[in-house]
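The structure under discussion appears below in the form of C-alpha cells.
The values are calculated or read from the model by the stated rules, or taken from the named source; none is laboratory data. Just so it is clear, the structure is predicted and the values come from calculations on it, not from any experiment. We place every Cβ from the backbone using ideal geometry, glycine too, and count neighbours over all the protein chains shown. To get the accessible areas, we keep the full protein, side chains included, count just its heavy atoms, and leave off ligands, DNA and RNA. Shrake-Rupley method; radii C 1.70, N 1.55, O 1.52, S 1.80 Å.
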Amino acid sequence: STRVRSSAASDVYKRQEKVVAQYFPKELTPQLLHLVEEYASGIIRCTPIKIGINDTKGLRPIDFYHLIWNLWTRLDALDRRASCRFIKNAFPMILENTNEETIYRKMNDTYVRCTIENIPKDEPLVP
C-alpha cells in the first residue's frame, strides 16, 4: 500500500537525516537524503557519494551493509541482490574492494554492535 510505503520512506528519511548523516561531512546530508529517494524509486544506478572511509566519522564497511538492510527491509523497492548493487553504486570508493556476494551474505538481521545498526523490521527506525 502506498501509505505504508510513504510512512516507511518518511521513517527511513528521518533516520538518514538524524542518525546516518552525523557520520558524514555535513555538506553530504542532501546527497544522503537523495539516496533514500533514489532507493525508494528503485534506481539502482544511483548518484554516487564519492567519499573515502577515512572521511566518515568512524564508519566501517559493515555499517553500510546495515544502512542498506534498513532500506531494503522497509521500502520494498528493490530485491536483496539489487540492493547490494545499489549500495556499491552509492558508495563506490568505500565499497570498491567489497564484492556483491559479501554484502549479500552480511545483509541480514544478525545483530553486530556497530555505528549504524541494523534495526529489526518490527522496531521503529527513529526512536
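Out of 35, 95, 59, which single residue is in contact (Cβ under 8 Å) with a residue 12 or more places away in the chain and part of a helix (DSSP H, G or I)?
35
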Notebook entry, point to check: Out of the residues in the stretch 4-34 that are more than 20 Å from residue 55 (Cβ to Cβ) and under 11 Å from the mean Cα position of the chain (by Cα), which is most open to solvent (accessible area, probe 1.4 Å)?
Noted result: 13
Next item on the list: Answer with yes or no whether residue 101 is part of a loop (DSSP other than H, G, I, E, B) and open to solvent by 20 Å² or more (accessible area, probe 1.4 Å).
Entry: no
Check: Only one of these conditions is not met by residue 96: (1) in contact with an Asp or Glu (Cβ under 9 Å, 6 or more places away or on another chain); (2) modelled with pLDDT of 90 or more. Which number is it?
Finding: (1)
Checklist line | Pick from the stretch 104-116, criterion in a loop (DSSP other than H, G, I, E, B) and under 12 Å from residue 61 (Cα atoms), ranking: most open to solvent (accessible area, probe 1.4 Å) | finding: 115
Notebook entry, point to check: Within the stretch 72-86, which residues are in contact (Cβ under 8 Å) with a residue 40 or more places away in the chain and open to solvent by 10 Å² or more (accessible area, probe 1.4 Å)?
Noted result: 73, 74, 76, 85
Notebook entry, point to check: Inside the stretch 35-64, can you point out the residues that are surrounded by fewer than 17 Cβ atoms within 10 Å (Cβ to Cβ), farther than 18 Å from residue 94 by Cα and modelled with pLDDT of 90 or more?
Noted result: 41, 42, 43
